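In what follows, a single structure is set out as C-alpha cells and then discussed.
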Amino acid sequence: MGTKTAAILFTACLLLSACTATKLESAATSNQQDSVASDSSNSAKDQSSVSSPKSSSKQAGSDDHKSAGKTNAQNDKTSESNETGAATSATTNNKMYHLNKAYNVIPNQRGTEKKVVLLTFDDGPKEAAMINKIIDVLDKHKAKAIFFVNGYRVKEHPELLKLIHDRGQPIGNHSWDHIVLKNKSEPEVKKQIESVQKVVKDITGQAPVFFRPPHGAGGDVGRKVAKENGLLYMTWSVGSLDWTMKKNQPNKTEALLKNVTEQLHPGSNILMHELPWTAEALDSLLTRLEQKGYQFVDPQGIEVPAS
C-alpha cells in the first residue's frame, strides 16, 4: 500500500469515528430527554396523587361540618323539645286554686272549674275499718280528701296514719291534743303544731301542708306558727254537723245530706269527721253532689304558703 493510499484510509477512519461519536451523543441526549419527560410525567402524577388526599380531606371536612351542623340542629331541636316539656310540666304543676278569707276554694285563672268542693275529715286516725270504708267511697268517686289528724292519735296508732298515706289521701295537721289554741302561748302553740309535723313526716316521709285548728280557733299565734311551718291555715265554709249527732239518732244520713246541701255553694270547704254515720252517708253525699254538677277538687291543686 502506497503512502497516498494509507493517508486516504486514515482520513476515512477519522471521519467514521466522528460520525459514530455524534450518533452516540444524539442517542444519549434523546434518552436523557425521554427520561426527563418521563420524570416530569411521573412528577405530575405524583402531584396529582398528593393533591387528591387534600381534596378528599377537604371534602371530608366539609361533610364533617355538615354532619356536625345536623347534629347541632338535632340537639337544638331536642333542647327545644326538652324546654317545651319542662314548660308543659311547670304549667301542669301550677296550683289551680287558692282559699279566700272565708276558706272557700277559688280558681286562680279564668276557665278553671268553679263548681268544686273540698272534702275534709277531722279528728283521726281512729279505726282501720272506718278509714278503709271512707277511702273506698272516695276512690269510687275519684275524689281526694284532707284527713286532719291529731298527734296523740297518731302516736297511739301510727299504722292508721300510714294506711291513709298509702291509700293516696293527703294528711293535714289538726294539732297534737285537739285543744283550743287561740289563748295559748306561742311556745305551746308551736309544740302543738310542730310535733304533729314531725311525727307525720317520720311515719310517711312527708310533712303536712294544711293546718286546721281544733274547734276552728287558732288565733293570730296559730296563724303565725302555721305560716312559719309552710302550712295553709284553714277552718271550713260548710259544716256537715256530723259531730252533733248521736249514735242512736235516727235518719243521720238524711240529716247530714240536708246540712251540707242547704249550705252548698261553689268552692265549699266541707267539714266532716271520722265517724261511723259519716262513713255510712258518704256515698250518698258524693253522689248527690255529682248530681248537682259539682266536682271534687284535689287538695294538691291548692296554693300553700312558702315555708
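The values are calculated or read from the model by the stated rules, or taken from the named source; none is laboratory data. Keep in mind that what you see is a predicted model, and the values were worked out from it rather than measured. Using ideal geometry, Cβ is built from the backbone for each residue, glycine included, and neighbour counts are taken over all protein chains shown. Ligands, DNA and RNA are excluded from the accessible area calculation, which covers all protein heavy atoms including side chains. Shrake-Rupley method; radii C 1.70, N 1.55, O 1.52, S 1.80 Å.
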Unmet requirement for GLU254, which otherwise passes all of (1) of a type in the set (D, E, K, R); (2) in contact with a Gly (Cβ under 9 Å, 6 or more places away or on another chain); (3) loosely packed, with under 15 Cβ neighbours inside 10 Å: (2)
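Conditions tested, residue by residue: (1) touching a Lys or Arg at 6+ places or on another chain (Cβ under 8 Å); (2) over 22 Å from HIS98 (Cα atoms).
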{"site": "ALA226", "(1), (2)": "no, no"}
{"site": "VAL238", "(1), (2)": "no, no"}
{"site": "GLN249", "(1), (2)": "no, yes"}
{"site": "ASP283", "(1), (2)": "yes, yes"}
{"site": "GLY293", "(1), (2)": "yes, no"}
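Can you tell which of ASP166, ASP123, ASP139 is in contact with an Asp or Glu (Cβ under 7 Å, 6 or more places away or on another chain) and either farther than 24 Å from ILE302 by Cβ or of a type in the set (D, E, K, R) (or both)? Write out each step before concluding.
On the way: ASP166 fails: in contact with an Asp or Glu (Cβ under 7 Å, 6 or more places away or on another chain); ASP139 fails: in contact with an Asp or Glu (Cβ under 7 Å, 6 or more places away or on another chain).
Checking each option against the conditions leaves just ASP123.
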Residues of region 257-275 that turn out to be part of a loop (DSSP other than H, G, I, E, B) and either touching a strand residue (DSSP E or B) at 6+ places or on another chain (Cβ under 6 Å) or open to solvent by less than 60 Å² (accessible area, probe 1.4 Å) (or both), as a count: 5
Region 147-164 residues that are open to solvent by 10 Å² or more (accessible area, probe 1.4 Å), paired with ones that are among the polar types (S, T, N, Q) (beta carbon under 8 Å, 6 or more apart): LYS162/THR204; LEU163/ASN132
Subset of region 280-307 [over 16 Å from ILE146 (Cβ atoms) and small (Gly, Ala, Ser)]: ALA281, SER284, GLY293, ALA306, SER307
Selection count where residues are on the phi < 0 side of the Ramachandran plot, open to solvent by less than 50 Å² (accessible area, probe 1.4 Å) and not β-branched (Val, Ile, Thr), scope region 201-221: 9
Residues satisfying the stated conditions in region 229-251, i.e. open to solvent by 40 Å² or more (accessible area, probe 1.4 Å) and either without any contact (Cβ under 8 Å) to a residue 12 or more places away in the chain or more than 30 Å from PRO305 (Cα to Cα) (or both): THR244, LYS246, LYS247, ASN248, GLN249, PRO250, ASN251
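Would you mind finding the one in ASP242, ASP220 that is more than 13 Å from THR120 (Cβ to Cβ) and either touching a Ser or Thr at 6+ places or on another chain (Cβ under 7 Å) or among the acidic types (Asp, Glu) (or both)? Spell out how you get there, then give the answer.
Details: ASP242 fails: more than 13 Å from THR120 (Cβ to Cβ).
The conditions single out ASP220.
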Residues being in contact with a Phe, Trp or Tyr (Cβ under 8 Å, 6 or more places away or on another chain) and either acidic (Asp, Glu) or free of Cβ contacts under 8 Å to residues at least 40 places away in the same chain (or both) - total across region 276-307: 1
